[in-house]
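Peer 1: Take a look at the following structure, please.
The values are calculated or read from the model by the stated rules, or taken from the named source; none is laboratory data. Because the structure is predicted, anything quoted here is derived from the model rather than measured. Cβ placement follows ideal geometry from the backbone for every residue including glycine, while neighbour counts extend to all protein chains displayed. Note: accessible area is taken over every heavy atom of the protein model, side chains too, but ligands, DNA and RNA are not part of it. Shrake-Rupley method; radii C 1.70, N 1.55, O 1.52, S 1.80 Å.
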Amino acid sequence: MEQTRSEQAGRVALGPARALGVLSLLAMVGLQVASGLAARPERFTGLIVALLAASAVAFAAGAWGTRRALAAFGAAVLTGYAAEVVGVLTGFPFGEYAYSDVLWPQVGGVPVVVAMAWGGMGLAAYAVAATLFGGWARVCAGAAALTAWDLFLDPQMVRLGLWTWAADDGFYRGIPLSNFAGWLLVSALVMLVVGRVAGDAAPGRGLLAVYTVMAVMETIAFAAVFDPTDPLVAAAGGITMGAFAAPAWRRSWQR
């Protein structure tokens, strides 16, 4: 009986975290819609990323506990930030690129919100992979799931003028192949550090929702909202992210 009461108390304590995750996710969706209709959508980027991060951390706290969630998010943020600093300074591992002054504040030439985005979506991609696999398969799947998001992210941010590539003749909307190779490498490191912190804890469905909502919103935006629309990016990103989200939900409900 005592153990049952303890478990019930734990579930009650985690309720506010999940509620915060839902509210942050809904607010992010609202801002995504507003930005798609605004004359200057780049003004919404920082707040959208902050809400994404808040939602991911809240859902992770509901599944793993607050300390582990914050530690995992911090590890992912630092990993992504370090890779971005190296990338801006040397061109490795993404290729030669530079950030504009639209996103601020910046530290070492890298906007803070970019590091936060690595953290928020890093947790979400990890949850997708952890639902499906364990061990090294989880690392590889998580890296691919996070890189799939960049099929949306880079074309959108380039069109908004948030960063530029030294050469604009890349094979995918002017983006070089090296960028996606770099994303796979850095994303694998993010999966390793998040997995180190999270351990064997169940990922929870909240983080799956974050990943899925991002996939759906970006697909709709490129297919029907942005001017001009871009069916290629909508299909490439939507199909690739969906290929990870759909089986993760199926496995989650089976459990």
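Peer 1: State whether the stretch 41-105 is rounded, prolate or oblate according to the following rule on the C-alpha gyration tensor (a ≥ b ≥ c being the square roots of its eigenvalues): a/c under 1.5 gives rounded; otherwise a/b larger than b/c gives prolate, and the remaining case gives oblate.
Peer 2: Working: a/c = 3.61, a/b = 1.52, b/c = 2.38.
Oblate is the answer for the stretch 41-105, as a/c is 1.5 or above yet b/c matches or exceeds a/b.
Peer 1: Using 0.36 nm times the number of residues separating Ser100 and Val22, minus their current alpha carbon distance, what extension gain do you get?
Peer 2: Working: separation 78, 0.36 × 78 = 28.08 nm, distance 3.21 nm.
Full extension of this stretch gives 24.9 nm more.
Peer 1: Same structure again: Remind me, relative contact order of the chain in percent, using alpha carbon pairs under 8 angstrom and six or more residues apart? Could the numbers behind the result be given before it?
Peer 2: On the way: 386 pairs, mean separation 58.9, N = 255.
Value for the chain: 23 percent.
Peer 1: At a 1.4 Å probe radius, carbon and sulfur cover how many percent of the accessible area of the chain? Walk me through the intermediate numbers first.
Peer 2: Details: 7910 of 11880 Å².
Carbon and sulfur together cover 67 percent of it.
Peer 1: Please list, in order along the stretch 161-172, the HN-Hα scalar couplings obtained from phi with the Karplus expression 6.51 cos²θ - 1.76 cosθ + 1.60 (θ = phi - 60°), rounded to whole Hz, x for Gly and Pro.
Peer 2: x, 7, 8, 10, 9, 4, 10, 10, 10, x, 6, 10
Peer 1: Right, another one. Provide, as a two-decimal number, the C-alpha radius of gyration of the stretch 77-132 over 2.2 N^0.38 Å, N being how many residues it has. Display every interim value, and only then the final one.
Peer 2: Details: Rg = 12.6 Å, N = 56, 2.2 N^0.38 = 10.2 Å.
Its radius of gyration relative to the 2.2 N^0.38 Å reference: 1.24.
Peer 1: If the convex hull of the alpha-carbon atoms of the stretch 103-160 is projected onto planes in all directions, what is the mean projected area in square nanometres? Show your work: numbers first, answer last.
Peer 2: Numbers: hull surface 18.0 nm².
About 4.5 nm², averaged over all directions.
Peer 1: Still on this structure, I have one more. Averaged per residue, what accessible area in Å² does the stretch 143-197 show with a 1.4 Å probe, protein chains only? Before the final figure, lay out the partial values.
Peer 2: Working: 2210 Å² over 55 residues.
With the other protein chains kept in place, the stretch 143-197 gives 40 Å² per residue.
Peer 1: For Ile175, which sequence-distant residues (separation of 5 or more, or a different chain) have an amide H within less than 5 Å of its own amide H, given hydrogens modelled in the peptide plane?
Peer 2: Amide H to amide H, under 5 Å and 5 or more residues apart or across chains, Ile175 pairs with Gly170.
Peer 1: Could you list, bin by bin from short to long, the percent of Cα-Cα pairs of the stretch 145-255 in 5 Å steps?
Peer 2: 2, 11, 18, 21, 20, 13, 8, 5, 1, 0
Peer 1: Also, quick follow-up: For the stretch 30-45, take each phi angle, set θ = phi - 60°, evaluate the Karplus expression 6.51 cos²θ - 1.76 cosθ + 1.60, and give the result in whole Hz per residue in order, putting x for glycine and proline.
Peer 2: Rounded to whole hertz, the list is x, 5, 4, 4, 4, 5, x, 9, 7, 6, 10, x, 5, 5, 8, 4.
Peer 1: Mind checking which of Ala39, Thr229, Thr219 is farthest towards the positive end of the chain's charge dipole, using Cβ charges of +1 (Lys, Arg) and -1 (Asp, Glu) about the Cα centre?
Peer 2: Going by the charge dipole, the pick is Thr219.
Peer 1: In sequence order, what are the phi-derived ³J(HN,Hα) couplings for the stretch 59-76 according to the Karplus relation 6.51 cos²θ - 1.76 cosθ + 1.60 with θ = phi - 60°, rounded to whole Hz, with x for glycine and proline?
Peer 2: Each residue's phi maps through the Karplus curve to give 5, 5, 5, x, 8, 10, x, 5, 4, 5, 5, 5, 5, 5, 4, x, 5, 5 Hz.
Peer 1: Given the -39500 (n - 2.57) contribution per DSSP H run of 4+ residues, what per-residue ellipticity at 222 nm results for the chain, rounded to the nearest 500 deg cm²/dmol? Mind showing how you got there, number by number?
Peer 2: Working: 8 runs with 189 residues, N = 255.
That calculation yields -26000 deg cm²/dmol at 222 nm.
Peer 1: A further question follows. Would you work out which of Tyr172, Pro155, Pro247 lies farthest towards the positive end of the dipole of the chain? Charges go on Cβ: Lys and Arg +1, Asp and Glu -1.
Peer 2: So the residue we want is Pro247.
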